[in-house]
Amino acid sequence: MPATGAKPPGAPDEAAAAQAVRQMFDSIAPRYDLLNHVLSANVDRLWWWRAARRFHQVLARPDAAVLDICCGTGDMTMALLKHRPEDSRPILAADFARAMLSRGVRKFGAQARCIECPAGRKTQMPYATPLEADALHLPLRDASLDLIVSAFGFRNLANYEAGLREFLRVLKPGGQLGILEFSEPGGFIGKAYALYFRRVLPAIGRVICGKQGPYNYLPTSVGNFPPPAELLALMRGAGYANCAWQPYTFGIAGLYTAARPTVP
Ligand SMILES: C[S@@+](CC[C@H](N)C(=O)[O-])C[C@H]1O[C@@H](n2cnc3c(N)ncnc32)[C@H](O)[C@@H]1O
């Protein structure tokens, strides 16, 4: 059966799934960054950096309206900010788990400062504005964004098609979408990685985090997530153009890219 959205254990419907996901991320927020870096041996930094670099052209435009949806503790936002010029429009960094978002603000909000230039002119360092919001119901106008990026958040949405439709609604014609997500590589690498992902990772997660559920949920949610060909078909079906997937690190992760067509 094709995947429709995240299904945390014990969640009978989409509303319950979203609530379970939010509570889970709120509960692991204090340990999230540490665990992320330990479990990925810091490769996650490379993935955020590569994804941000892919959108350099649009990020370099000071007036570009950019949303990092499911921003969590803000590392993708920080990678995007590196491509923003001084005095540019702030990035919108949105998440529905307040404990995750408040940690993010400490990183990307701290960038909101003026620096004095030698000539006495004041310039604003690039920064992001936090937004507590559900990806499936964005409090944003139709056709208002040039770029939406989501890193490791899309897989957790309760309804993937609804998420894609909502992103399309708020993108301007020609606006771009980037979804960075895990996938399951094939071959020998895939077998070795599956062992790590399904056995070792939950055990380390349990020790550092002191909880069993979230790091059992991670491999399960990746296993239930549509493979690249299926997600690309879902994107095309939702109305996107130029849909593509670029594998990262043997296909352990990858970047989906697409655009809202300029002509409806
Ligand atoms: C695995 S974390 C990723 C955080 C960050 N982007 C990163 O790369 O580290 C997934 C995030 O997605 C958020 N999320 C999941 N479903 C969401 C939804 N429907 N609306 C907003 N945020 C959501 C969670 O609260 C969590 O902070």
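Every number here is computed from the coordinates shown, using simple stated rules; none is lab data. Only a predicted model underlies this, so the values are computations on that prediction, with no experimental measurement involved. Cβ atoms come from the backbone with ideal geometry, glycine included; neighbour counts cover every protein chain shown.
Quick one: Kirkwood hydrodynamic radius for region 132-261, alpha-carbon pairs, angstrom, one decimal?
Answer for region 132-261: a Kirkwood hydrodynamic radius of 15.8 Å.
If only Cα atoms are counted, what is the Rg of region 122-198, and what is its Dmax, in Å?
16.8, 55
Arg89 label point, 7 Å along Cα→Cβ, cut-off 17 Å on backbone N: hits in region 127-169?
Correct set: 127-131, 139-149, 167-169.
Under 10 Å from the Cβ of Glu132, count the other residues' Cβ atoms, weight Lys and Arg +1, Asp and Glu -1, and hand me the total.
-1
Between Met78, Met24, Met100, which gets the highest mean-square fluctuation from a Gaussian network model of the chain, Cα cutoff 10 Å?
In the Gaussian network model the winner is Met24.
Region 219-264 to region 23-60: how many Å between their Cα centroids?
The distance from the Cα centre of region 219-264 to that of region 23-60 comes to 18 Å.
With charges only on Cβ, +1 for K and R and -1 for D and E, what is the dipole size of the chain about its Cα centre, in debye, rounded to 20?
On the way: 30 positive and 21 negative charges, 110 e Å.
Rounded to the nearest 20 debye, it is 540 debye.
Scaled to the compact-protein estimate 2.2 N^0.38 Å, what is the alpha-carbon radius of gyration of region 1-95, rounded to two decimal places?
Taking N as the residue count of region 1-95, the ratio is 1.30.
Using a Förster distance of 25 angstrom, determine the FRET efficiency expected from the C-beta separation of Thr262 and His137, and round it to 0.05. Show your work: numbers first, answer last.
Working: r = 26 Å, r/R0 = 1.04.
Rounded to the nearest 0.05, the efficiency is 0.45.
Hey, how much of the P(r) for region 147-192 falls beyond 12 Å, as a percent of Cα pairs?
68 percent
Tell me, what ³J(HN,Hα) does each residue in region 216-226 have, in order and in whole Hz, if you take phi through Karplus 6.51 cos²θ - 1.76 cosθ + 1.60 with θ = phi - 60° and put x for Gly and Pro?
So the Karplus estimates, Gly and Pro as x, are 7, 5, 4, x, 5, 5, 5, x, 7, 6, x Hz.
Given the DSSP H assignment, sum -39500 (n - 2.57) over each helix run of at least 4 residues in the chain and divide by its residue total; what's the result at 222 nm in deg cm²/dmol, nearest 500? Don't skip to the answer; put the middle values down first.
Working: 10 runs with 113 residues, N = 264.
When only DSSP H runs of four or more count, the value is -13000 deg cm²/dmol.
Label-point separation (nm) for Arg98 and Ala16, each offset 7 Å from Cα along Cα-to-Cβ?
The two pseudo-label positions are separated by 2.5 nm.
Percentage of Cα-Cα pair distances in the chain greater than 25 Å, rounded to whole percent?
43 percent
When DSSP assigns beta bridges and you keep just the ones with both residues in the chain, what percent turn out antiparallel, to the nearest 5?
Here the share of antiparallel DSSP bridges comes out near 50 percent.
For a quick check: with amide H placed at 1.01 Å from N, whose amide H comes under 5 Å from Gly174's, ignoring anything fewer than 5 positions away on the same chain?
Result for Gly174 returns Arg260, Thr262.
Where does region 220-264 land on the Kirkwood hydrodynamic radius, alpha-carbon pairs, in angstrom?
Answer for region 220-264: a Kirkwood hydrodynamic radius of 11.4 Å.
How much net charge surrounds Pro62 when only other residues with a Cβ under 9 Å from its Cβ are counted (Lys, Arg +1; Asp, Glu -1)?
0
Using alpha carbons only, what's the Rg to Rh ratio of region 77-207 with Rh from Kirkwood? Can you show the working numbers first?
Working: Rg = 18.6 Å, Rh = 17.4 Å.
When Rh is taken as the Kirkwood radius, the ratio is 1.07.
With +1 assigned to the C-beta of every Lys and Arg and -1 to the C-beta of every Asp and Glu, and no other charges, what is the dipole magnitude of region 30-115 about the Cα centre in debye, to the nearest 20?
120 debye
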